[in-house]
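*Asks:* What follows is a single structure, and I will ask about it in a moment.
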Amino acid sequence: MSEQTLFKVTVDNITIEVPAGTTILQAARQIGGTVAPPAMCYYSKLKGSGGKCRTCLVEVSKGSEKDPRPMPKLVASCRTTVMDGMEVKNITSEKVLDARAGIVEFLLLNHPLDCPICDQAGECHLQDLSFEHGKSGTRYEFQRRTFKKHDLGKHIQLHMTRCILCYRCVFTADQLTNKREHGILDRGDHAEIATHIEKSLDNEFIGNVIDVCPVGALTDKTFRFKSRVWFTKPVDAHRNCDKCSGKVVLWLAGNDVLRVTGRKDEWGEVKEFICNTCRFEKKNQEDWMIEGPRKLNRHSVISQNHYALKPKPFKALENTAKQ
Ligand code: SF4
Ligand code: FES
């Protein structure tokens, strides 16, 4: 059996070994924490994703052991594979932080200030990104884009002005459903998500476009304006489903199930995609076996009011008491 070739890569002064073919983003995620660049279009479960939004740009200060020259420009970490001896700078690079602020400004050029009424508020990656890297003002002086409204059916609400054209929903429809009925039409400033001839998106598993959308462009009509997400109580639950794993998160208000979503990992990616029946039709607690409270590990406002007790520093307390 051939042995797997391992490459040494250093990201923000932390060195790890990863198999050849690993991207810089995947290597940085293995280290974890703030070392991992943000990613608005890459989605590890969707083939072909990445390379669209540029939020994951990093500086390669040493190309490899054999050719130590730095790369002349910042590179998209989701699309660049590591080389042996490569050295990468993410949050330790002024250039990267400056570029990221520019990308956020660019993504926000046409993005409406909808956060106070947007269902995605509190779990929006763009909101987090602008909080971390954005500027308080805008230099944009022109009118923002508007679009003709498209109705995507009874389950999915489209707000095209919020879309950042990451293509995740297109890959989801392509790879998870039996027939893709929407896509990105037109080009440049006119590019938009649509079905071309008005059609509703209702084929099985299409509800997952809501979970993969990093902003509030695609939201759940059955949850629309029902509650701010930080006022709800998320619990892990499951049911016997013949179409999907049936493992979900229920977002509760009292005994009411306001919303059903897939379970997300620490990078905000769905672990197992769920079917439309589980997502849109099972809105009674009796439909589910509740496992317990959902652990929220993202830093966003959604964790507000979901307190976790920190372990007490017993030793320090004892020592102080003895003094
Ligand atoms: S609707 Fe959402 S998932 Fe689809 S391209 Fe726009 S931002 Fe991406
Ligand atoms: S996550 Fe790499 S370009 Fe969007």
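The values are calculated or read from the model by the stated rules, or taken from the named source; none is laboratory data. Keep in mind it's a predicted model, so treat the numbers as computed, not measured. Heads up, the Cβs are rebuilt from the backbone with ideal geometry, glycines too, and the neighbour counts pull from every protein chain shown.
*Asks:* Please determine whether any residue of segment 126-149 is crowded, with 16+ Cβ neighbours inside 10 Å, assigned to a loop (DSSP other than H, G, I, E, B), aliphatic (A, V, I, L, M) and under 15 Å from the mean Cα position of the chain (by Cα).
*Replies:* No, because not a single residue in segment 126-149 is crowded, with 16+ Cβ neighbours inside 10 Å, assigned to a loop (DSSP other than H, G, I, E, B), aliphatic (A, V, I, L, M) and under 15 Å from the mean Cα position of the chain (by Cα).
*Asks:* Going by the conditions given, is residue 219 surrounded by fewer than 19 Cβ atoms within 10 Å (Cβ to Cβ) and within 14 Å of ligand 1 (Cβ to nearest atom)?
*Replies:* Answer is no for this residue.
*Asks:* Among the residues of segment 222-251, which ones are part of a strand (DSSP E or B) and either crowded, with 17+ Cβ neighbours inside 10 Å or within 16 Å of ligand 2 (Cβ to nearest atom) (or both)?
*Replies:* Matches in segment 222-251: 234, 235, 236, 237, 247, 248, 249, 250, 251.
*Asks:* Residue 73 - would you say it is more than 17 Å from residue 38 (Cα to Cα), more than 16 Å from ligand 1 (Cβ to nearest atom) and not assigned by TED's automatic domain parsing to the domain that holds residue 33?
*Replies:* On the way: more than 17 Å from residue 38 (Cα to Cα): yes; more than 16 Å from ligand 1 (Cβ to nearest atom): yes; not assigned by TED's automatic domain parsing to the domain that holds residue 33: no.
No, not satisfied.
Matching residues to (1) surrounded by fewer than 21 Cβ atoms within 10 Å (Cβ to Cβ); (2) modelled with pLDDT of 95 or more:
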position: 4; (1), (2): yes, no
position: 23; (1), (2): yes, yes
position: 30; (1), (2): yes, yes
position: 37; (1), (2): no, yes
position: 51; (1), (2): yes, yes
position: 58; (1), (2): no, yes
position: 79; (1), (2): yes, yes
position: 88; (1), (2): no, yes
position: 95; (1), (2): yes, yes
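*Asks:* Does residue 170 satisfy the condition of being within 16 Å of ligand 2 (Cβ to nearest atom) and in a loop (DSSP other than H, G, I, E, B)?
*Replies:* no
*Asks:* Please work out which one of (1) under 29 Å from residue 137 (Cβ atoms); (2) more than 16 Å from ligand 1 (Cβ to nearest atom); (3) buried (at least 19 other Cβ atoms within 10 Å of the Cβ) is the condition residue 101 fails and give its number.
*Replies:* It fails just one condition, (3).
*Asks:* Quick check: anything in segment 26-37 within 16 Å of ligand 1 (Cβ to nearest atom) and outside the structural domain of residue 216 (by TED's automatic domain parsing)?
*Replies:* Within segment 26-37, not a single residue is within 16 Å of ligand 1 (Cβ to nearest atom) and outside the structural domain of residue 216 (by TED's automatic domain parsing).
*Asks:* Something else now. Hey, could you check segment 177-200 for residues that are farther than 27 Å from residue 108 by Cα and either surrounded by 15 or more Cβ atoms within 10 Å (Cβ to Cβ) or of a type in the set (S, T, N, Q) (or both) and say which is farthest from ligand 2 (Cβ to nearest atom)? Steps first, please.
*Replies:* Applying the first criterion (farther than 27 Å from residue 108 by Cα) to segment 177-200 yields 177-181, 197-200.
In the following step, the residues that additionally are either surrounded by 15 or more Cβ atoms within 10 Å (Cβ to Cβ) or of a type in the set (S, T, N, Q) (or both) were identified as 177-178, 180-181, 200.
Working: 177: 23, 178: 27, 180: 21, 181: 25, 200: 29 Å.
Filtering first and then ranking leaves 200.
*Asks:* I would also like to ask the following. On the basis of being in a loop (DSSP other than H, G, I, E, B), under 26 Å from residue 229 (Cβ atoms) and not charged (D, E, K, R), does residue 107 make the cut?
*Replies:* On the way: in a loop (DSSP other than H, G, I, E, B): no; under 26 Å from residue 229 (Cβ atoms): yes; not charged (D, E, K, R): yes.
Criteria not met by residue 107.
*Asks:* Further question: I'm trying to understand the selection: among the residues of segment 128-163, which are within 14 Å of ligand 1 (Cβ to nearest atom) and over 21 Å from residue 221 (Cβ atoms)?
*Replies:* Those that are within 14 Å of ligand 1 (Cβ to nearest atom) and over 21 Å from residue 221 (Cβ atoms): 129, 145.
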